[in-house]
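Written out below as structure tokens is the structure these notes cover.
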Amino acid sequence: SPDWLEAEVAFSPDGRYAYYSGLAGTVYDGKKPEEIDPKWPNGRVYRHDLTRPGANPEPFFDLPLPDWNTTRYWMPSAWDHRCASAGVDVDPQGNVYIGDLVNQQVVAVSPQGKLLSKTPAPWPDRVRVHPKTGDLYVVVRAVSRGYRSPDKLIKIRGRGDAAKVVAELPTKERGNTEFTLDARGGTPALW
């Protein structure tokens, strides 16, 4: 995967696995799916077994992308520093949450790689899941050929089509959208 893509990592609750998102074998200024290296497809999340010395990350889950001939979508490139699988997080049960920038949703996947839910979310660049309530905290930031400013932070309660955005916080800063969730107190703190 080229170094201009911004990979993200999350760890399973037991520390055994690392999950990597944001990787794709794309050319510098990609414009069509044929330019993606099939060994590093757009939208794949990898799992790395940290208990096996010398083990390499392995494919874990591929986001289902639309048929390019029917539905055109943006392609990852050095301009946007993102691919279809943007943010990633893991809940206390080991379920993996993936920001799917192409399909505009947060996808939940079991530790066995089974799709659990698809929750609508506009441009889910970074995702954090509250370990006690299950609420999703999502940085919404559109892909726009080089100029990417955070639009807002949203809080989503529930999963799938029944999920609701229960809070929004507009952001004024441009640049890094990394954040973490501290759920030790009664009210969560976002850093």
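The values are calculated or read from the model by the stated rules, or taken from the named source; none is laboratory data. These numbers come from a predicted model, not from an experiment. Cβ atoms come from the backbone with ideal geometry, glycine included; neighbour counts cover every protein chain shown. All accessible areas refer to the heavy atoms of the entire protein, side chains included, with ligands and DNA or RNA removed. Shrake-Rupley method; radii C 1.70, N 1.55, O 1.52, S 1.80 Å.
At a threshold of 8 angstrom on Cα-Cα distance, excluding pairs fewer than six apart, so keeping six or more, what relative contact order does the chain reach in percent?
The value is 14 percent.
Could you please tell me the mean projected area of the C-alpha convex hull for the stretch 50-191, averaged over all directions and given in square nanometres to one decimal? Mind dumping the intermediate values first?
On the way: hull surface 41.3 nm².
Average of the hull's projected areas for the stretch 50-191 equals 10.3 nm².
Using the basic label-point model (7 angstrom from Cα toward the beta carbon), what is the K32 to L65 distance in nanometres?
1.4 nm
Taking 0.36 nm per residue of sequence separation and subtracting the Cα-Cα distance, how much length would be gained by fully extending the chain between F11 and T133, in nm to one decimal?
That works out to 42.0 nm of additional length.
Ranked from the most accessible area to the least, with a 1.4 Å probe and all protein chains present, what is the order of R82, R157, R16, R72?
R72, R157, R16, R82
For W4 paired with K39, estimate the spin-label separation in nm (one decimal), with each label point 7 Å from Cα along the Cα-to-Cβ line.
According to this spin-label approximation, the distance is 2.1 nm.
Not counting ligands, DNA or RNA, and with a 1.4 Å probe, what is H81's accessible surface area in Å² rounded to the nearest 10?
Accessible surface of H81 is approximately 60 Å².
Just add up the charged neighbours of R47: K/R +1, D/E -1, any other residue whose Cβ is under 10 Å from the Cβ of R47.
Once all neighbours under 10 Å are counted, the net charge is -1.
About the Cα centre, and with charges only on the beta carbon of Lys, Arg (+1) and Asp, Glu (-1), how big is the dipole of the chain? Nearest 20 debye, please.
Result for the chain is approximately 440 debye, rounded to the nearest 20.
What would the Debye equation give as log₁₀ I(q)/I(0) for the stretch 9-92 at q = 0.24 Å⁻¹, counting only Cα atoms as equal point scatterers?
-1.14
At a Förster radius of 45 Å, what calculated FRET efficiency corresponds to the Cβ-Cβ distance of T171 and N56, to the nearest 0.05?
Calculated value: 0.80.
Reachable lysines from K155, Cα under 17 Å, same-chain residues fewer than 8 places away excluded?
Within the straight-line cut-off, K155 pairs with K118, K132, K164.
Among residues other than D135 whose Cβ falls under 10 Å from its Cβ, what is the net charge (Lys/Arg +1, Asp/Glu -1)?
So the environment of D135 carries a net charge of +4.
When the C-alpha atoms of the stretch 1-46 are aligned to their principal axes, what extent does each axis show, in angstrom, from largest down?
Cα extents, longest axis first: 39, 18, 11 Å.
List, in order, the whole-Hz ³J(HN,Hα) value for each residue of the stretch 38-52 obtained from phi through the Karplus relation with A = 6.51, B = -1.76, C = 1.60 and θ = phi - 60°; use x for Gly and Pro.
Result, rounded to whole Hz: x, 6, 10, x, 5, x, 8, 10, 10, 10, 10, 7, 7, 8, 10.
As I understand it, the dipole of the stretch 1-134 uses +1 on the Cβ of Lys and Arg and -1 on the Cβ of Asp and Glu, about the Cα centre. Which of G99, S77, A24 lies farthest toward its positive end?
G99
Please list F61, F11 from largest to smallest accessible area, probe radius 1.4 Å, with all protein chains kept in place.
Ranked list, largest accessible area first: F11, F61.
Mind ranking I98, I36 by accessible surface for me, highest first, 1.4 Å probe?
Details: I98 0, I36 25 Å².
Sorted by accessible area, descending: I36, I98.
Can you tell me the FRET efficiency between K164 and L116 if r is taken as the Cβ-Cβ distance and R0 is 25 Å, rounded to the nearest 0.05?
With a Förster radius of 25 Å, E is 0.85.
Accessible area per residue, 1.4 Å probe, Å², for the chain: what's the number?
51 Å²
Just report the Cα centroid separation between the stretch 1-27 and the stretch 52-123, whole Å.
10 Å
Of all accessible surface on the stretch 1-104 at a 1.4 Å probe, what whole percent is carbon and sulfur?
Details: 2570 of 4980 Å².
Here it works out to 52 percent.
Work out from phi, with θ = phi - 60° and the Karplus expression 6.51 cos²θ - 1.76 cosθ + 1.60, the ³J(HN,Hα) of each residue of the stretch 6-21, listed in order in whole Hz, and give x for Gly and Pro.
Whole-Hz 3J(HN,Hα) from phi for the stretch 6-21: 9, 6, 10, 10, 9, 10, 5, x, 8, x, 6, 10, 10, 10, 10, 10.
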